[in-house]
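Data block below; observations after.
Each reported figure results from applying straightforward, stated rules to the coordinates on display, with no laboratory input. Since this is a predicted model, take the numbers as computed values, not measurements. Note that each Cβ is placed from the backbone with ideal geometry, even for glycine, and that neighbours are counted across all protein chains shown.
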């Protein structure tokens, strides 16, 4: 398919973590991801929020956001929380997603680990 000069193309989402950079005219430009070098701060200094989201088909998902630590630490915490709740879930875009409405249990588990956490979103 050949493009005409007045056509608009939609870019793919495969590079979503590029913080809004779409194109650079600089020949020697190299993208540097700002999330790669985040150091883990103390649990007491993190302000976590626990939301309840409704996904397709009416399914509920507990979402924890507000992390200021490395991806490795978020994945480890997500693994522990899923195990303690006895459900599945995932870690995406620096957020932990837990299947079902487990906000109360997640809040107690995070407070036990000395995180500053609270319910949010109603």
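At what distance in angstrom do the alpha carbon centres of segment 100-122 and segment 81-98 lie from each other? Each part reduced to its Cα centre gives a spacing of 12 Å.
Spin-label model, residue 95 to residue 71: label points 7 Å out along the Cα-to-beta-carbon direction sit 1.8 nm apart. Extension gain for residue 47 to residue 27 (0.36 nm times residue separation, less C-alpha to C-alpha distance): 3.2 nm. Approximating the spin labels as points 7 Å out from Cα along Cα→Cβ, the residue 55-to-residue 119 distance works out to 2.1 nm.
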